[in-house]
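See below for the structure under consideration.
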Amino acid sequence: MSFLELNNINKTYAGSMQVVKDFNMHIEKGEFISFLGPSGCGKTTTLRMVAGFESPTSGSIRIDGVEQNNLKTNQRNIGMVFQAYALFPNMTAAQNVAFGLRVKNKSKGETTRTVGEMLKLVGLDHLADRYPFQLSGGQQQRVALARALAIKPQVLLLDEPLSALDAKIRVSLREEIRDIQRKLGITTIFVTHDQEEALSISDRIVVMHQGRADQIGTPFEIYNRPTTKFVANFVGTLSTIEAKVADPAANTVSIGNSIITLPEPIGTAKAGDTITLALRPEALALNGAEGRDYSLSGKVEAVSFLGSVIRTRLNVDGQPLSFDIFNNPSVKPPVAGDVIEARFSPADLLVIRD
C-alpha cells in the first residue's frame with residue numbers, strides 16, 4: 001500500500017466546470033513529486049484537495065491508509081508552504097515558526113527546542129528575532145518552510161513557493177528544499193509551472209493538462225520519452241519534422257532522400273501518410289559527429305547565444321529546426337545565411353501523437 005493515495009479524483013465547480021478529471025496517483029513514503037503544467041491545468045486544485053482546502057466532487061484521498069475526505073484541514077497532518085509566504089507580519093521569525101506548535105498545545109520547552117532546530121535547518125537561526133519586513137524574499141520563504149516542517153507533518157505541500165523570487169535565489173532555494181526533504185524523508189508534493197524546477201529536483205513528475213494527468217514518470221522518462229503531444233511540446237524544446245510513411249510494418253519513414261527506421265511503432269498510419277516526428281535540440285550536431293547516421297540540410301535563420309550552449313535555427317525545406325552546440329571560444333559558430341547539415345540518430349526521433 002502506498003503512503004499517499006489519490007484515487008479517481010474529480011473536482012467540478014458550478015455544476016459543470018470540471019477542473020480535475022479522473023486523477024489517480026499512488027505516492028510512496030519519502031517521494032518528492034512535482035505537479036507540472038500551465039496555469040489552469042488543475043495542479044493547485046489537486047494540491048488544495050490533499051490539504052483539505054477543497055473537497056473532491058468524487059474520489060478518495062488516503063494518507064498512510066487513513067481516509068482524508070471527511071477531515072478538515074486542521075485535522076490533517078499536513079504542512080503547507082504558499083507562494084506568497086503568508087507570514088504573520090507582527091510576529092518574529094521564531095514566533096511564526098512556533099505558531100503551529102502553539103495551536104497543537106506543545107509545551108513551551110518542546111516549542112522552543114523545535115523552533116531552534118527548524119530555524120537552524122533552514123539556516124536562519126541567527127535571524128530568529130527579525131520580523132518579516134526585515135527579511136528578504138528568500139529568507140521569508142525559508143521561515144515559511146520551517147513553520148510547515150515544525151509540526152512534523154506526514155505530507156509537505158508546496159504551492160509554487162519560488163515563483164516570487166529572482167532566478168539565482170530560486171535555484172539555490174529549490175536545492176535547499178530538496179536537501180531538507182531528503183534529510184527528513186518527508187513525502188512532498190511540489191506545484192510548479194517551471195519545467196526546469198520540476199526536472200531538477202523531482203523523483204517523479206505529473207504533467208497536467210486540462211485537469212488530467214497527461215503523463216506520470218521520472219524526469220528522464222518525461223523529457224526523453226513523452227507519451228502525448230502536449231507533454232512533448234510543454235517539456236523542453238522540440239523541433240518537429242513532417243515525414244512520409246514508407247513501410248509501416250517495418251517502421252520506416254522517408255525524410256528528404258533518406259529512409260529511416262524509427263525506434264518505436266508508427267501506429268495506424270499507412271504507407272504514404274504524413275506523420276510528425278520531433279527532435280530535441282541536443283540530439284542534433286554539425287557534420288563530423290560520431291553515431292549520427294542521418295543529416296538534414298538547411299539555411300541558418302538565427303543564432304542565439306545562451307551561455308554554455310549556442311542554439312541555431314535552421315530552415316529545412318520550410319520547416320524550422322533548432323539544434324544546440326556547446327560554446328567553444330576557439331570554434332566559430334554558424335552565422336545567419338550559412339547552409340549547413342545537422343546530423344542525428346534515428347534513436348533520437350520521437351513520434352508525436354495527438
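The values are calculated or read from the model by the stated rules, or taken from the named source; none is laboratory data. Please read these numbers as outputs of a predicted model, since none were measured by experiment. Cβ: placed from backbone, ideal geometry, glycine included. Neighbour counts: every protein chain shown. Surface areas here come from the heavy atoms of the whole protein model, side chains and all, with no ligands, DNA or RNA. Shrake-Rupley method; radii C 1.70, N 1.55, O 1.52, S 1.80 Å.
Working only within segment 256-268, note down all residues that are more than 32 Å from the chain's Cα centre (by Cα) and not in a strand (DSSP E or B). Hits for segment 256-268 are Gly256, Asn257. When segment 12-36 is filtered for residues that are open to solvent by 20 Å² or more (accessible area, probe 1.4 Å), in contact with a strand residue (DSSP E or B) (Cβ under 9 Å, 6 or more places away or on another chain) and either assigned to a strand (DSSP E or B) or of a type in the set (Val, Ile, Thr) (or both), the ones remaining, listed by number, are Thr12, Tyr13, Gln18, Val19, Lys21, Asp22, Asn24, His26.
In segment 300-329, the residue that is nearest to Asn233 (Cα to Cα) out of those that are open to solvent by less than 30 Å² (accessible area, probe 1.4 Å) and in contact with an Asp or Glu (Cβ under 9 Å, 6 or more places away or on another chain) is Phe323. Search segment 137-163 for residues that are open to solvent by less than 10 Å² (accessible area, probe 1.4 Å) and pair each with any residue that is assigned to a helix (DSSP H, G or I) and β-branched (Val, Ile, Thr) when their beta-carbon atoms are under 6 Å apart and the residues are at least 6 apart or on different chains. Short answer, once both residue conditions are applied: Gly138/Ile169; Ala146/Val97; Ala150/Val97; Ala150/Thr114. Could you check, for segment 240-258, whether at least one of its residues is closer than 26 Å to Cys41 by Cβ and open to solvent by 50 Å² or more (accessible area, probe 1.4 Å)? Yes; the residues of segment 240-258 include at least one that is closer than 26 Å to Cys41 by Cβ and open to solvent by 50 Å² or more (accessible area, probe 1.4 Å).
Taking (1) open to solvent by less than 60 Å² (accessible area, probe 1.4 Å); (2) more than 29 Å from Thr227 (Cα to Cα); (3) of a type outside the set (Val, Ile, Thr); (4) not in a strand (DSSP E or B) in turn, Gly272 satisfies each apart from (2). Applying the set (1) touching a residue at least 12 places away in the same chain (Cβ under 8 Å); (2) out of contact with any strand residue (DSSP E or B) (no Cβ under 6 Å at 6 or more places or on another chain) to Ala243 leaves exactly one unmet item: (2).
Picking from residues in segment 70-99 that are within 16 Å of Val155 (Cβ to Cβ) and in contact with a Pro (Cβ under 9 Å, 6 or more places away or on another chain), the one that is modelled with the lowest pLDDT is Phe82. Of all positions in segment 241-260, none carries a residue that is at negative phi, of a type in the set (S, T, N, Q) and touching a helix residue (DSSP H, G or I) at 6+ places or on another chain (Cβ under 6 Å).
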